[in-house]
Amino acid sequence: MKAVVYRGPRDVSVENVPDPKIERPTDVIVQIRSTNICGSDLHMFEGRTDFEKGRVFGHENLGQVTEVGPAVERLKVGDWVCMPFNISCGHCRNCEKGLTAFCLAANPEPGMAGAAFGFADMGPYQGGQAEYLRVPWADFNCLKLPPDAEEKQNDYVMVADIFPTGWHCTELAGMRPGDAVVIYGSGPVGLMAAHAAMVKGACNVMVVDRHPDRLRLAESIGAVAIDDSKCNPVDRIKELTHGRGADVGCECVGYQCHDPAGKEVPNLTMNNLVQSVKFTGGIGVVGVFTPQDPGAPDDLAKKGQIAFDWGMCWFKGQHIATGQCNVKAYNRQLRDLIHAGRAKPSFIVSHELELSRAAEAYQHFDSRDHGWTKVVLKPAG
Ligand SMILES: NC(=O)c1ccc[n+]([C@@H]2O[C@H](COP(=O)([O-])OP(=O)(O)OC[C@H]3O[C@@H](n4cnc5c(N)ncnc54)[C@H](O)[C@@H]3O)[C@@H](O)[C@H]2O)c1
Ligand SMILES: [Zn+2]
Ligand SMILES: [Zn+2]
């Protein structure tokens, strides 16, 4: 089959790789119909992780079941399914608590919790930017989709990762209806956090970025766009919240955050959030930070550390919660919101491309080129 293979920093190619096979009785094989490129892929694409050369990317996957292992009970050939980016066993201590991003069985690396498709340090699993994908523990990891699956696949594919992740960020922050919410990052994840906050009844959603195309998308769903290349975002948020600051804040950028001129400043969003959120407010952090980053611009960041305004955070009585999203904690409900027409996460999709155009799509999305807000690859044409 054809798949998107990592060849080294800023280099992917679409190549023939072996077809996936049923390896364990609980596996299924899915023919991929929609698979997204994610900001998380970009950290790996840029060579800022230890993702192995020759491995297949792709953790936001939707498709149709083509083969079913003998121990699979809930799925049959032809079912439309969306897979969480997390691979989880369903029966370990963490999975039982709903913490499927921290499954204790799926990642064979000692001392690690959590696995994912086509992801650095998250187990040996291949990704789904390919024609077919092996899904382990398939009864647990496949979300069945309703009869409008094919027609609404650009919406449902967002349930694999970024829609639940944006939602999770508002949960981590402790958002409640009526809250003023500030979101740093108007990439796909930040836009999904904004969509989630709107669906959940925020009174005011403020999104900070500097790319006009992304900020316009935030405005299109009723958020206030704040361009930090034109103003101090903290001052603007204070103005919009009667001087108090937002009730809650969301970090949707991660360790490669930078100033508007493009210089990486790894503590910028976290310290801006401490300033932008009110006394006793909450901060959710879903932007990825890593335990080490050898390619980082400063010595602290190379060790996975940032100079954080801890004193001010403590003084303001703020709380912070972090981490990968437990997609299964939300995916049924978000699927149902899409089915009912109450959520439409596909508003961010800018490009639907055949798999063969993946290399070009990676270059454009990585450069945050104007108009390249979210790419959905279509391996089945
Ligand atoms: N926790 C999870 O489960 C999870 C899931 C998916 C993605 N992620 C992570 O979320 C982050 C965002 O993903 P994405 O797909 O939206 O990526 P993206 O890179 O497309 O978007 C990030 C946006 O942040 C903006 N930005 C950069 N520095 C900024 C700053 N200082 N202030 C405000 N905005 C700034 C960029 O201009 C860009 O538009 C990534 O780190 C990704 O790895 C985490
Ligand atoms: Zn993703
Ligand atoms: Zn588990």
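Observations on the model:
- Within the range 162-322: Cβ-based charge dipole about Cα centre, in debye rounded to nearest 20 (Lys, Arg +1; Asp, Glu -1): 280 debye
- Each peptide among 294-301, 354-361, 243-250 gets the average number of other Cβ atoms lying within 10 Å of its residues, and from highest to lowest they stand as 243-250, 354-361, 294-301.
- Options ALA193, GLY123, LEU217, ranked by Cα towards positive dipole end of the chain, top entry (Cβ charges): ALA193
- Computed from point charges on the beta carbon alone (+1 for Lys and Arg, -1 for Asp and Glu), the dipole magnitude for the range 288-381 about its Cα centre is near 540 Debye.
- Computed helical MRE - 222 nm, the chain, DSSP H runs ≥ 4 contributing -39500 (n - 2.57), nearest 500: -6500 deg cm²/dmol
- Local electrostatic count, LYS2, Cβ distance below 11 Å [Lys/Arg +1, Asp/Glu -1]: -4
- Dipole moment magnitude, nearest 20 debye, the chain about Cα centre, only Lys, Arg, Asp, Glu C-beta charged: 660 debye
- Stretch gain in nm, segment HIS242-ALA380, where the contour uses 0.36 nm per residue and the Cα spacing is subtracted: 44.5 nm
- Among GLU131, GLU352, GLU15: highest mean-square fluctuation, GNM of the chain, C-alpha pairs under 10 Å: GLU15
- Across the range 253-274, the residues whose backbone nitrogen lies under 17 Å from the label position 7 Å along the beta-carbon direction of LYS230 are 260-261.
- Distance violations [Cα-Cα > 21 Å] among LYS144/LYS328; LYS278/LYS374; LYS21/LYS76; LYS200/LYS230: LYS278/LYS374; LYS200/LYS230
- Extended-chain gain in nm, criterion 0.36 nm per residue less alpha-carbon gap, PHE315 and ASP299: 3.0 nm
- Between the listed residues MET312, VAL349, PHE57, the Cα displaced farthest toward the positive end of the dipole of the chain, a dipole computed from Cβ unit charges relative to the Cα centre, is found at MET312.
- If the chain linking GLU15 and HIS258 were pulled fully straight, counting 0.36 nm for each residue of separation and taking away their Cα-Cα distance, it would gain 84.1 nm.
- The residue list LEU377, HIS168, ILE37 was ranked by how far each Cα lies along the charge dipole of the chain toward its positive end, using unit charges on Cβ atoms, and HIS168 comes out on top.
Read-outs throughout are calculated quantities, based only on the coordinates presented, and are distinct from any laboratory measurement. Model, not experiment: these values are computed from the prediction. All Cβ positions, glycine included, derive from the backbone under ideal geometry; neighbour counts span all protein chains shown.
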